[in-house]
1. Given the peptides B:558-565, B:511-518, A:69-76, A:542-549, arrange them by the average over their residues of other C-beta atoms within 10 Å, most packed first.
2. In peptide A:100-113, what is the residue-averaged number of other protein chain Cβ atoms found within 10 Å of each Cβ?
3. Distances in nm, one decimal, shortest first, from residue B:299 to the same residue in every other copy, taking the label point 7 angstrom along Cα→Cβ.
4. Run the dipole for segment B:506-576 about the Cα centre, Lys and Arg Cβ at +1, Asp and Glu Cβ at -1, nothing else charged, and hand back the magnitude in debye, nearest 20.
5. How long are the three semi-axes of the equivalent ellipsoid for chain A, computed from the Cα gyration tensor as the root of 5 times each eigenvalue, in whole Å, largest first?
6. Net charge within 13 Å of residue A:651 by Cβ-Cβ distance, Lys/Arg positive one each and Asp/Glu negative one each, not counting residue A:651 itself?
7. For segment A:319-396, what % of the accessible area comes from carbon and sulfur atoms, probe 1.4 Å?
8. Only loop residues by DSSP count here, and only those with at most 14 other Cβ atoms within 10 Å; note down the GluC sites (Glu not before Pro) in segment A:328-434 that meet that.
There are 2 protein chains.
Amino acid sequence: MDALSINTIRGLCLDAVQQAESGHPGTPMDIAPVAYTLWQRFLRFDPADPIWPNRDRFVLSEGHASALLWSLLHLTGVRAVDPDYEVLGRSAVTLEDLKTFRRLDSHAPGHPEYRWTSGVEATTGPLGQGVAMSVGMAMAGQWLAARYNRNGFPIFDFDVYAIAGDGCMMEGVSSEAASLAGHQRLTNLCWIYDSNRVTIEGRTDIAFTEDLAARFIAYGWNVATVADANDVDQVARALHSFKAERERPTLIVVHSHIGYGSPLEGSPRVHGEPLGVEAVKATKRFLGMPEDAEFFIPDGVYDWFAKGIGRRGADARAEWEARFKEYASVHPEPADEIERMQRRELPDGWEDVLPSFPPDPKGTATRASSGQVLNAVAEAVPWLLGGSADLAPSTKTRLTSDGAGDFQPGERGGRNFHFGVREHTAAAIANGMALTKLRPYWSGFLIFSDYARGAIRLSALMEIPVVHIFTHDSIGVGEDGPTHQPVEQLASLRAMPGLLVFRPADANEVVEAWRLIAGLRREPAALVLSRQPLPTLDRSRLNGADGVAKGAYVLADAPNGRVDVILLATGSEVALAVAVREELAGEGIGVRVVSMPCWELFERQPREYRDRVLPPEVTARVGIEQASTLGWDRYVGPEGAVVGMHTFGASAPLKQLLSKFGFTPEKVSGIARELAMRRKEVR
Amino acid sequence: MDALSINTIRGLCLDAVQQAESGHPGTPMDIAPVAYTLWQRFLRFDPADPIWPNRDRFVLSEGHASALLWSLLHLTGVRAVDPDYEVLGRSAVTLEDLKTFRRLDSHAPGHPEYRWTSGVEATTGPLGQGVAMSVGMAMAGQWLAARYNRNGFPIFDFDVYAIAGDGCMMEGVSSEAASLAGHQRLTNLCWIYDSNRVTIEGRTDIAFTEDLAARFIAYGWNVATVADANDVDQVARALHSFKAERERPTLIVVHSHIGYGSPLEGSPRVHGEPLGVEAVKATKRFLGMPEDAEFFIPDGVYDWFAKGIGRRGADARAEWEARFKEYASVHPEPADEIERMQRRELPDGWEDVLPSFPPDPKGTATRASSGQVLNAVAEAVPWLLGGSADLAPSTKTRLTSDGAGDFQPGERGGRNFHFGVREHTAAAIANGMALTKLRPYWSGFLIFSDYARGAIRLSALMEIPVVHIFTHDSIGVGEDGPTHQPVEQLASLRAMPGLLVFRPADANEVVEAWRLIAGLRREPAALVLSRQPLPTLDRSRLNGADGVAKGAYVLADAPNGRVDVILLATGSEVALAVAVREELAGEGIGVRVVSMPCWELFERQPREYRDRVLPPEVTARVGIEQASTLGWDRYVGPEGAVVGMHTFGASAPLKQLLSKFGFTPEKVSGIARELAMRRKEVR
């Protein structure tokens, strides 16, 4: 039955790719026996409830082998789950889905897509991301165990498996993740390296000849080797060595043959295109499968999976549910936390903890006020946790309350994570934690969001509520100069679908931003903060910061209600706009100041609100932002102006930079005055 | 004199940071003896000509230790160089520059900046970039030697050194670079790892406990260790082991003490802020330097450097110049190439090789036509070379002419580089090659530009002519789905100052883009290309592709000269615009089609040209681009519309996607018709 099941999977993959006339047949063919063995004999996973909290996690990091995952989800009968986390009666992947692999609306798309197909633990395809996220899942597992397990109640003890290809192993993000996983001694983590020695350009030895096993031993991993991917007993022995390991994460190096059994076995040509009808038949013959039957599932195969992974998973879940019920009666509070977490809900009354800040002309850096608010929210939401890519003292993201502590081997309840100087993996780990239903954040300087974009994008694509905290958000960085001064990063983040980008203007906008961010259930946010102090605006003379919820709002209107010119700004430039408004008021020029902390939310408002904030007839508008001007024309229009950055910055104290780049009351009021005058003339 | 020189450097660094009231004193203090030993005893570098082609390269990858570099450049008397590569009489870094460290216009900015201060081989600061670029420099050195050295004429035999900190070693990009350098057996490459065990969050053992030496041995490196950074003889022995190594790149692990000699030695607090006046004095006392003298340079120190690195460098350069003169007389052609390359000039008549493409309604993918043009240009420009992050068969960037070959150990003249699945390091290596005056390109899918942004940004900041080639540029990717379909990448690249982003519409626009790109001397370009075939437009009925030089041009005007609506498009959407124009012409609606392959070049045109292409009075405008709409409002204005992407894509054949996302003649003509009608009504 092992061989029959494996070859059934292979046959489905071949047919799916051939039918689609596109896809990646080679990898599913080579690694099918390993995935089969893992699922059928080891994975603690109940197809009837694919979101059971204590299930083992399986991440197909070589996401281009998606046909393999679709076949497994189909054969094991994994159920679909709706967006509110209700398990449905229908299958996650039907035979019809397999037959429409890679077509619009099929639940078997080109790469595994979280949300779209249940049973997919993480969206993968961009290489290296899956393994890096698996580290976050394993950390989350350790943290959940430390926080929630009680004597006699092992509520969380799941393992995390990831299958990676050559590409995953070459990507820097996986090196970062492996180094950190070794440091953290994540015994619940198992990577399976599908070493098929072939990539798109040819044999891996044209670019990749390192001693990979030795590298992982150097990281502090347990390394096992499987000489032949087709030997399921050898695969099982290697997986047993993972289960037995008590000190280190485990890497299983599996030697495999890309396109196994096909006429093109071992060739790069089998990687990324269908085999062709004749070669598919030849392969089926080799595998002992009927060559003319498509999407063929021999009698007994469904049943075999039902008796293997199915029964094991059902038993484990039933046992766990009984245990959890008892746990809930003895320990109602942690049980309540676990249940809320699964639904992505927060504790009742969490908003009550939000502080408010009195006016202060000297003010505070938004990174500092955010640190304060973060700590307040974290008191109310115990599963809000995170860390920094070695910049916590600068990004002010350390959780300081009693017992928050560091997450380290032997201290698994700590809520502060040291990611090291590894931004890309920090973001990917945060993704992995969010996929495990924690509420993670990670932080770094805004400039280094560039290093992490691959993972930030996945948080947006997966629609998971990761908080990306970026400080040192402009030329406000000062002396460190252009290498550290973001210019294009704000626009780059705003261009990303599904990511909410907040750049609050003062401490009270920070509070409102956090109110929105903490409440997010399906969206990631980027919180963009200043290094330098910003005045805490006097809201008694201005409108309240609750306008943040609408993305942009009138912070201060023209003194006499007649708007001659609108100043639009975000973050550190809002106070500048307020100052210019006051200056021009003295000249009888009516200035409205609009604070625009979150463009994406503003775009979601009805046109009526948007036109109220930015009346179409007031075309005299000045946008002010210490960043690339890309995108601002939408708000300032063809008759407006933008005071922004058109070049990289420079190394100098901020005051010199403000003057050099024109972020001064003189410069801005000059532009605003001219536009207002032109408008008055027209009138 | 060794100790005195080292402590002079330390004193200058202390004073510079203290005077600036910001900066990083700890690292220069710890690694000064190593940098000193390298420069004074090993580096083949003539301060009187810091751009001599066969000099050894020194990259300070831990760029935050810039004060160390400024001190060395000052003490060795390195000359300034002007933008046209003329060596000037004045110093690159004067004492006054040191005294204005990190102030506006000082030649001693916060981080090393290429161009701005001569003697800086690469802009560094974003961690890991420097070491990755050093791999590109070492590869360039090997390639130059293979191509240009002749019997008796070792024209190129330089070594490349990089000093890296803990952060550099944790970043994924350095792992990628190290793996590839090991594979390539770059014997001319030496990394010095300043292991001071302290980062911003604390001791490195909170996040970084791997056996780093073992990891590098696994990559195939020679690893030497220096137990005490202060022991210059031990440092020298380690550097000799590098010079003696014949098979592998060398890593020297130097154990050092951050903030050596200061009261804060060994503390994270000494990393990123000034010591304070009293601690500076105490440190100077410890070092035996006069505590009240600032920027103190003891008698004899300048002279000592002049006799060491100065004399050695001058002798080496004189010998090389004599050799080169003889070489030029025996081998005038390669000598001419070397000289042109240094000035970033191309061979005469290189443009003659550019092909032109006949009209073809079926057409060709722009990745394919670009491959053809690239190969033509490469025939004319022998030092144009590059490779792909394992996607050359897909990106069509392989150089196929006789002898182009692969660059591998033992085949150093090859012009095709296999970077492996390592986008970030591929771009960084291209930077390193460009800094060595080669004309490199690298290629990948546009989606993976995200992985390489750190390095792409540096190419723009350094103003070096790297060609970033990105194919599979939209939902045109089709079945691979949203993980592989770029949406926000175009806007992200356009937001970057100094990067020219080209998205050509057909094969002839590709030719014109390459004409501009090949001629660039100080700007990097991103060339964004389609996976799918695009019609080669019939230019006899449309305007010529030479309009690409202006960034945007009228491809086809309204048939009767009366423009009712303007369609603006780039790349694959231009043919769609042309089709809509024809359709609407039948209805008497006058459509102008503007192709906008390069926004940045269009912005450089005089207003008169821009207004001619986009007359302000024609406010009925539709932008069409399969990408985030961010930035388009600038061109379509408040009364226009954009057909773009507002979400991520989906996995499906392209035809289904075009329909789903509205890139069809029906949809676009509907919008254009409505806008044109509204305009007519107004009229």
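1. Packing order, densest peptide first, comes out as A:69-76, B:511-518, A:542-549, B:558-565.
2. Other-chain Cβ atoms within 10 Å of each residue's Cβ, averaged: 5.
3. Copy-to-copy label distances at residue B:299, shortest first: 10.6 nm.
4. 220
5. Result for chain A: semi-axes of 51, 27, 23 Å.
6. Taking every other residue near residue A:651 into account, the sum is -2.
7. Solvent-exposed carbon and sulfur of segment A:319-396 make up 49 percent of the total.
8. Listed in order of number, the matching sites are A:345.
The values are calculated or read from the model by the stated rules, or taken from the named source; none is laboratory data. Since the structure is predicted, the reported quantities are computational estimates derived from the model, not experimental observations. As a convention, Cβ positions derive from the backbone with ideal geometry for all residues, glycine included, and neighbour counts pool all protein chains shown. These area figures cover heavy atoms from the full protein model, side chains too; ligands, DNA and RNA do not enter into them. Shrake-Rupley method; radii C 1.70, N 1.55, O 1.52, S 1.80 Å.
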